[in-house]
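> Sharing a structure below in structure tokens format, with a few things to ask.
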Amino acid sequence: ANSGIAGYNVGFKAAGGEFVVALDSDSYPASDAITKMVALFDKNRDAGCIAFDVRAHQNGLPADEAVEEVTSEAAGYHGAGVGFRKGLFEKAGYWFEPFFLYLNEMDHALRILKAGYKIIHSTAVRAYHKSSPVQRGSSRASYYYVRNGLWLVWRHYPLRRMLSVTFYIIYLAVSETFYQRTLVYLAALRDAFKVSGKIIAKRKPLDNKLFQKVRLPLPLLFGRFA
């Protein structure tokens, strides 16, 4: 059965090592990526996640080519290349399975930061992604981005911002419905609000200091602005 991101959670739970690496079915790590990832975890004991430098396969450097290492803290990660401490899942949880597809990484990253871990990104820890732009532009992707975007806002945004951003997403969804001549955004709104009570009941909003670092680029939920 196609269970979406729930399949990853099966792997995360079954993994027996100290670290867990996640890749997409169409991505692969550079030959030295795992070694460098482990070294970064050893050097940064407060890091719960190492965000790989994910490059497009067709434009990327050869996987074995040396690159300058620039390491910094990040507010998110790309699911096509990321490493976790196994123990992180006990505090931050697993990928939020109701999302099914898309924005699960951003949701999880916020929970990682709220749990007190750092996310470290390094240009020297590379992964290469063979993603297809055709699939990203599909109506299925548009549906999940908007529905999950609302859920993400409800789960993590401070109350005042949650309300204002909800109205903004509704506005964008309605306007893009007429502009793109599609009903997919209205379907996404409908299905998001069907379970709004359950989503909001379990929300754990970010504090204001952390919220300033992780604003969601809302127009990017709609394919025309991507």
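The values are calculated or read from the model by the stated rules, or taken from the named source; none is laboratory data. Bear in mind the structure is a predicted one, so any value in this text is a computation, not a measurement. Every residue, glycine as well, gets a Cβ built from its backbone with ideal geometry; the counts of neighbours run over all protein chains shown. Keep in mind that these areas ignore ligands, DNA and RNA; they rest on the heavy atoms of the full protein, side chains included. Shrake-Rupley method; radii C 1.70, N 1.55, O 1.52, S 1.80 Å.
> Over the heavy atoms of Glu69, what accessible area does a 1.4 Å probe trace out, to the nearest 10 Å²?
The value for Glu69 is about 110 Å².
> Moving to a separate point now. In percent, what relative contact order does the chain have, based on Cα pairs under 8 Å that are 6 or more apart in sequence?
Once normalised by length, the contact order is 23 percent.
> Gap in Å between the Cα centre of the stretch 65-94 and the Cα centre of the stretch 1-49?
Centre-to-centre (Cα) distance: 8 Å.
> Hey, rough spin-label estimate for Ala115 and Ile34, points 7 angstrom out along Cα→Cβ, what's it come to in nanometres?
Here the answer is 2.2 nm between the modelled labels.
> For q = 0.11, 0.16, 0.22 Å⁻¹, what log10 I(q)/I(0) does the stretch 1-127 give under the Debye formula with an equal point scatterer on each alpha carbon and no solvent?
-0.35, -0.75, -1.39
> Net charge within 11 Å of Val20 by Cβ-Cβ distance, Lys/Arg positive one each and Asp/Glu negative one each, not counting Val20 itself?
In short, +2.
> Write down, largest first, the equivalent ellipsoid semi-axes of the stretch 62-114 in whole Å, where each equals the square root of 5 times an eigenvalue of the alpha-carbon gyration tensor.
Result for the stretch 62-114: semi-axes of 25, 14, 11 Å.
> Give, in whole angstrom and from largest to smallest, the semi-axes √(5λ) of the equivalent ellipsoid of the chain, with λ running over the eigenvalues of the Cα gyration tensor.
Working through the eigenvalues yields semi-axes of 30, 21, 16 Å.
> Let me check against my output: what whole-number percent is the relative contact order of the stretch 124-219, with C-alpha pairs under 8 Å and at least 6 apart?
Relative contact order, the stretch 124-219: 37 percent.
> Taking a 1.4 Å probe, which of His156, His57, His121 shows the most accessible area, and what order do the others take after it?
These residues rank, largest area first, as His57, His121, His156.
> If Tyr77, Tyr28 are ordered by their accessible area, calculated over protein heavy atoms with a 1.4 Å probe, which sequence runs from highest to lowest?
In descending accessible area the options line up as Tyr28, Tyr77.
> Please arrange Tyr8, Tyr102 by accessible surface area, largest first, computed with a 1.4 Å probe and ligands excluded.
I get Tyr8, Tyr102, largest accessible area first.
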